[in-house]
Every structure is written in C-alpha cells, then in structure tokens.
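The next block holds one structure in the form of structure tokens; read it before the comments.
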Amino acid sequence: MLFKLLKYDFRAMWKQFSLIWGAALALALVNRFTLFRDKDNSLFTNSEVFMLAFIGVIVAMFVIAVIFVVNRFSKGLLGNEGYLMHTLPVRPWQLVASKLICGIVTWIGCGAVALLSPVLTIPLNLADLFQFPWTDLFRGILKHPDTILILLEFCLLMASSIALFISVMYLSMAIGHLFSRHRKLICTAAFIGLYILLVNFYSRIASISLVQRLMRIDTFGAGAMLKCSLFVLVPALAFLAAVCWILENKLNLE
C-alpha cells in the first residue's frame, strides 16, 4: 500500500515541478547562448534579463519546494483530504512515510536541477569535454576507492538533513493542529522552538568527548559522514514518531 501512496504523491509532485524544472533548464540553455568571453577569458552576458529570470526561477523553485512539502502534509493529512486519506487501510506511519519520501525526492530534484543548470549555462564546446583527462580521473578514483564511498556517504548525509528539516515541519504542523485556535501561530512557534531544541541538543552532544572520538573529526575519512547521518536521523525519527502518535491518537479534522 505504501507504493500506491508514493505513486499518488509522486504524481502530484511531477505535475507541479515538471514545469519549473523544465523552465530552469530551458533558461540555463538560453543563457548559454547569451554568454561571451572577453580578452581575459572572463564570462559576460549580453542579456541581463535572461540571467535575472534564471536566478529568479532557481530561488522560486526552492520556495515552492517548501510550500509543496507543507501543503502535501497539511492538506493531505490534517486538512480536507484527511477525511479520505485516514479512511484508507494503512497505518499513520505509512501516510507520513509517503509524504516524507516524496518531500526528500522533491528537494533532491531541486538540488540536482540547481547544480545542472550552471553546467548548461557555461558555453563549453564538445572538444573541451573530450580534452578533459577522463582516464586520469577514473584511474585516480580506482586508486582511491574510498572516494566513491565518501561521495555516497555525503549523499546520505544530505538526504538525512533534508529528512530532519521536513520532520521538524511535520511535527510543528501536528502540534499546531492540536489547538482549535491560532494554529498557524502555534505552528510557527513550535517550528522555532524545535530548532532551538535541536541546536542545544547537538551542541551538548558535540561537547561529549566520547562522541568526538566516535565521530573522529580530526581524521576525516570513509565512515565519518555515515556516523554524522546517524546522529542526524536520531532526532528525525523521534520527531516522526511523535507525528505518527498525534495522527493516531489526537487527530481532529473538524
């Protein structure tokens, strides 16, 4: 059933972000043909309008991503759609997991577009790409296999950080839903309070010598970011568990 929920959420995500992702990549290609190099080999643009539009689309993309995550959870589980969603033969954790996974993928997609767009903007010739020493690059990676592992750990750390950010928003909305009045104000206050709690939690944890030895900050290498991901996921799982408990025991859609 979780896969059916994911299919429903991903379909809604694609309808909203296919346009803005396509617009960002299209504007990146347009800016590619407006850039030129001067005598010092510095890049300049002939059209500031297209460049400003490109920057505006990138910023709007992340703003819409936050709004999308909030609306999918608020309207889908705490709003009018909740009457339908909570009648499905699924547990609350499956509903939350579907929204969470979709939110993480949405943010990863926005990040990928934000990274790919500047690459498309830079006017590189195919000859320049073929002249790049790809063989030396792959040979160096094979000599240092930890590089791939560190890259995968970095991706896991980014996904864990996104999951923590989304879980804070989910718990804030769930706490605001417990009150009959001033829900948005309480939700905002809960969001600020939870982040203050997180800052204090991590500052206290980081000061423990045992944790410092476990993280091995002074000898960064493979496995270091994996441990960081675990420390990030612990409060995220606690927040999500609290969200599921509220949905299962304190839900009031009136």
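The values are calculated or read from the model by the stated rules, or taken from the named source; none is laboratory data. For clarity, every value in this text was computed on a predicted model and none was experimentally measured. Because the Cβ atoms are built from the backbone with ideal geometry, glycine has one as well, and the counts that use them run over all protein chains shown.
Check Phe3, Phe10 and return the single one that is modelled with pLDDT of 90 or more and assigned to a helix (DSSP H, G or I). Quick ask: steps written out before the conclusion?
Numbers: Phe3 fails: modelled with pLDDT of 90 or more.
Answer to the selection: Phe10.
Would you point out the residue of the stretch 57-75, among those that are within 19 Å of Lys250 (Cβ to Cβ) and in contact (Cβ under 8 Å) with a residue 40 or more places away in the chain, that is surrounded by the most Cβ atoms within 10 Å (Cβ to Cβ)?
If we filter the stretch 57-75 for residues that are within 19 Å of Lys250 (Cβ to Cβ), which is where we start, we get 73-75.
Still in the list and also in contact (Cβ under 8 Å) with a residue 40 or more places away in the chain: 73-74.
Numbers: Phe73: 23, Ser74: 21.
The extreme case among them is Phe73.
Condition check ((1) within 20 Å of Ser160 (Cβ to Cβ); (2) modelled with pLDDT of 90 or more; (3) not charged (D, E, K, R)) across all residues:
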site: Thr188; (1), (2), (3): no, yes, yes
site: Arg216; (1), (2), (3): yes, no, no
site: Phe220; (1), (2), (3): yes, no, yes
site: Ala241; (1), (2), (3): yes, yes, yes
site: Ile246; (1), (2), (3): no, yes, yes
